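The values are calculated or read from the model by the stated rules, or taken from the named source; none is laboratory data. Quick caveat, the model's predicted, so the values are computed rather than measured. A quick note on method: Cβ atoms are made from the backbone with ideal geometry, for glycine too, and the neighbour counts reach across all protein chains shown.
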Amino acid sequence: MLNPVMNRRRLLWGGASLAGAALLKEMSGTRLISSAVAEITAPMEPIRMSSNENPYGPSQLAIEAMQGAFSKSNLYGGIGNQLVDLLARIEGVAPENVTISAGSGELLQAAGVLAAWEPGSIVSPYPTFGQLVRAAEVLGSEIINVPVDEKMHIDLDAMYAAIRPDTRMIYLCNPNNPIPSIIEKKALEDFVRTVARDRLVFIDEAYYEYVDNPEFSSMMPLVAEGLNNVIIARTASKIHGFAGLRVGMGYAHPDLIAKLNKVKTGSISVLSQYAAYVAYQDMEFQDFSRARNKEGLAIVEGMCDELGLRYIKSNANFAFFETGIDSETFRAAMREHNIMVGRTFDPYPTWARVSMAKPEEMAYFVQTYKKLYT
C-alpha cells in the first residue's frame, strides 16, 4: 500500500494562481475596477466553465499516488476497504455506513432503481440535478416536480405537501444545482426526521465542501445517529478534481448500504482508489481549491453587482445569474470567445450557469461579457 503520509510543502499549482492574484489586486471589495484591469489575451484553448469541474485537480499528491499504483493495475481488488475505513473516520460513522461507487452518479442510479423497486412516486425539487429521478422514471416511477420558491430556494413546505401515500423517496440536492442555493439546516433536519419515518430521503451533497455559510449543515449526523431511511451522496469529482476518475460514496444505515450494493453496477479502478485515499487526506489542496473558487466567485458576482444583474449567492463552485439573453444565444456568443458555459436550465431560459475556472480565466470571462453586453 502506498504511503499516505502528508509530509511535504511543495508548490502544487505553478504560476497560474499568481496571475490570478495579480488580477485580483485590481478589485475593490467585490467590484471590479474596469479601467484599471489590463486587456486579457484570449485563450488558445476553450475554457471549460460548463461542467462544474475543478480546474486545478487532481492534486499532485493524487497524481503521484496513481503513478505508484500502476504496477497494481493488473490485479483485482485494491484498497477499497481501507478507503471505506478512512471515509468512515472522516465522517464519524461506521464502515458499515459507507459504500463507494464509480462517481456519485452510480449511486444516484442505484438509488433510482431502489426507489422504483415498487410502484410509486418520487418527490423532487425543480430544477435540480436530474440523474436519480431520470433513472427511476425510466423504470416506471412517477416524478412529482416541486418548483423552487420565488427566491429560487428549495421549498420544503411545498415538498412536504406534494408527498402522497405512494411516495417512495424524496430527493434533495443541497447545495442545489443549477441553482447554488442551500436549505437552512434546522428546517432540513426537521424535514428529514419527519419524512424519513416511513419513506426514503436521498440528500445529494456533491458541493458541500465549498459551502461557507453558517445556515448550512450536512445531514451526516443523522446517518451517524442511525436513521434508517436516509442516504447521503458525496463525490470526489468536485473539490478533489476527480471528475474523470469516477469516485463517489454513499452514507446510510447498513441495511440500506446492503441494498445499494446489490444494485450498483460498477467499481472503482485501483488507480482511483489510491488517488482518493491520498486526496481525502490532502487538506492543503482542498483549502487551495476552496480559496481559488472563492476568488473566482468574487469576480463574477462582483460583475453582477456592478452591472445590476440578478444572481443567486453561490454556495458551490458555479454562479447562476440572469443575463436577459436566451441561454443558447449566450452560449454561442461565449463559445466564439473560447468560453464554454452551461446549457439551458428550464424554467430559466435567460439565466446562465457558469462554473468557476481559474481566477484569471474568470477575469477574462468578465472582460468578454462586458465587451459583448455593456
*Within the stretch 116-124, can one find any residue that is buried (at least 18 other Cβ atoms within 10 Å of the Cβ) and without any contact (Cβ under 8 Å) to a residue 40 or more places away in the chain?*
no
*Total residues in the stretch 201-216, condition crowded, with 22+ Cβ neighbours inside 10 Å and either touching a residue at least 60 places away in the same chain (Cβ under 8 Å) or of a type outside the set (Ser, Thr, Tyr) (or both)*: 7
*Among the numbered criteria (1) in contact with a helix residue (DSSP H, G or I) (Cβ under 6 Å, 6 or more places away or on another chain); (2) under 21 Å from ALA42 (Cβ atoms), which single criterion is violated by ALA357?*
(1)
*Does ASP155 meet the test of being closer than 23 Å to TYR348 by Cβ, surrounded by 20 or more Cβ atoms within 10 Å (Cβ to Cβ) and among the charged types (D, E, K, R)?*
no
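Here is a yes/no grid of residues against (1) among the hydrophobic types (A, V, I, L, M, F, W, C); (2) over 16 Å from ARG290 (Cα atoms):
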| site | (1), (2) |
| --- | --- |
| ASN177 | no, yes |
| VAL195 | yes, yes |
| GLU215 | no, yes |
| ASN228 | no, yes |
| ILE232 | yes, yes |
| ILE239 | yes, no |
*Give the residue that is modelled with the lowest pLDDT, with candidates limited to residues of the stretch 55-86 that are farther than 28 Å from ASN261 by Cα and touching a Ser or Thr at 6+ places or on another chain (Cβ under 9 Å).*
GLY57
*Go over the candidates ILE312, ILE339 one by one and state the one that is under 12 Å from PHE365 (Cα atoms), in contact with a Ser or Thr (Cβ under 9 Å, 6 or more places away or on another chain) and either modelled with pLDDT of 95 or more or hydroxyl-bearing (Ser, Thr, Tyr) (or both).*
ILE339
*If we scan the stretch 185-200, do we find a residue that is under 30 Å from GLN286 (Cα atoms), among the hydrophobic types (A, V, I, L, M, F, W, C), buried (at least 18 other Cβ atoms within 10 Å of the Cβ) and within 18 Å of the chain's Cα centre (by Cα)?*
no
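Matching residues to (1) outside the structural domain of GLY244 (by TED's automatic domain parsing); (2) closer than 25 Å to GLY244 by Cα; (3) not β-branched (Val, Ile, Thr):
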residue	(1), (2), (3)
ILE79	no, yes, no
VAL98	no, yes, no
LEU107	no, yes, yes
GLY120	no, no, yes
TYR126	no, no, yes
*Hey, can you tell me all the residues within the stretch 310-359 that are assigned to a helix (DSSP H, G or I) and under 22 Å from the mean Cα position of the chain (by Cα)?*
SER327, ARG331, PRO359
*asked:* Checking GLU189 against (1) touching a Pro at 6+ places or on another chain (Cβ under 7 Å); (2) free of Cβ contacts under 8 Å to residues at least 60 places away in the same chain: exactly one of these is not met. Which one?
replied: (1)
